[in-house]
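The values are calculated or read from the model by the stated rules, or taken from the named source; none is laboratory data. What you see is a predicted model, and the numbers here were worked out from it, not measured in a lab. As a convention, Cβ positions derive from the backbone with ideal geometry for all residues, glycine included, and neighbour counts pool all protein chains shown.
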Amino acid sequence: MPLIDVSVNAVSYVDFQVPMMDREKDYVFDLTNILTPPSGVSVDRNDWILKTAASESYAVHVIYDTLMTGQQFISYQDSVIVRGGSKPYTFSVTSGSLPAGLTLSTTTGIVSGTPTDSGHVTFTVSATGTSGGSDSKQITMRIAPGTPPAYVPGDANHDGAIDISDVVYLIAYIFSGGSAPVPTMAGDANGDCAVDISDAVYLIGYIFSGGTAPLPGC
């Protein structure tokens, strides 16, 4: 079985076994019990396997370029994996956007929420460490089509009741980039097949002025 040596700071060497049938796979080396970030990591210094020795500084690196496949209308959670540099990391989306209904935690790198649309989405995530600089990677993820849950028109936050909290939820969605109603048409209180400020006004009239109850729309 071929061996590839991995060295840290060009001092200590560890032999890593690579089965013949797995030579074309990607490997992640997770360095543990290291008090400070090493200045560099070298792979195969004697060219036993590789034609050219490979070295990489131990800076911040976003590891994977894909996230777990999710399903529309089903709660989702996965993480952007980062190694190198020094924690804590700060995460941000620098181009593109996450699937509707999902958010990225700027402190943990966790992508979570309930996706309201299906399809493939590509966006770029940047991670910055307290040392070791930053790294960005374009990430692709897929949201599989799902079956919309049963809903009550006007129950925007899907808590089983129609009250002022639904108005607040709609306003946050429309004006502040808040989470979408699940399904989106649950926010269509006036039955005009759109979710906008007129639905919040309609709900206020229903809740406080005895207006007509929310109408089934699309």
If you go through segment 139-151, how many residues are in contact with a helix residue (DSSP H, G or I) (Cβ under 9 Å, 6 or more places away or on another chain) and at pLDDT 95 or above?
-> 0
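Counting only residues that are free of Cβ contacts under 8 Å to residues at least 60 places away in the same chain and either within 24 Å of residue 195 (Cβ to Cβ) or not assigned by TED's automatic domain parsing to the domain that holds residue 68 (or both), how many does segment 92-102 have?
6
Among the listed residues 165, 112, 179, 136, identify the single one that is at pLDDT 90 or above, over 30 Å from residue 84 (Cα atoms) and small (Gly, Ala, Ser).
Among 165, 112, 179, 136, only 165 is at pLDDT 90 or above, over 30 Å from residue 84 (Cα atoms) and small (Gly, Ala, Ser).
Every residue in segment 138-158 that is on the phi > 0 side of the Ramachandran plot and free of Cβ contacts under 8 Å to residues at least 40 places away in the same chain, please.
158
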Identify all residues within segment 159-184 that are surrounded by fewer than 19 Cβ atoms within 10 Å (Cβ to Cβ), without any contact (Cβ under 8 Å) to a residue 60 or more places away in the chain and not charged (D, E, K, R); write none if there are none.
-> 160, 161, 164, 165, 168, 171, 172, 174, 175, 176, 177, 178
Note on segment 80-109: residues farther than 24 Å from residue 176 by Cα and in a strand (DSSP E or B) are 82, 83, 86
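For segment 104-122, which residues satisfy the criterion of being among the polar types (S, T, N, Q) and surrounded by 15 or more Cβ atoms within 10 Å (Cβ to Cβ)? Explain how you work it out, then say what you get.
First, the residues of segment 104-122 that are among the polar types (S, T, N, Q): 105-108, 112, 114, 116, 118, 122.
Selection gives 112, 114, 116, 118.
What number of residues within segment 119-146 satisfy the criterion of being part of a strand (DSSP E or B) and more than 23 Å from residue 184 (Cα to Cα)? Don't jump to the end; show me each part of the working.
Initially, segment 119-146 is screened for residues part of a strand (DSSP E or B), giving 119-128, 131, 134-144.
Among the residues that remain, those that are also more than 23 Å from residue 184 (Cα to Cα) are: 124-128, 131, 134-140.
So the count comes out to 13.
Mind checking whether some residue in segment 123-137 is loosely packed, with under 14 Cβ neighbours inside 10 Å, outside the structural domain of residue 77 (by TED's automatic domain parsing) and in contact (Cβ under 8 Å) with a residue 12 or more places away in the chain?
To start, the set of residues in segment 123-137 that are loosely packed, with under 14 Cβ neighbours inside 10 Å comprises 130-131, 133.
Still in the list and also outside the structural domain of residue 77 (by TED's automatic domain parsing): none.
Scanning segment 123-137 turns up no residue that is loosely packed, with under 14 Cβ neighbours inside 10 Å, outside the structural domain of residue 77 (by TED's automatic domain parsing) and in contact (Cβ under 8 Å) with a residue 12 or more places away in the chain.
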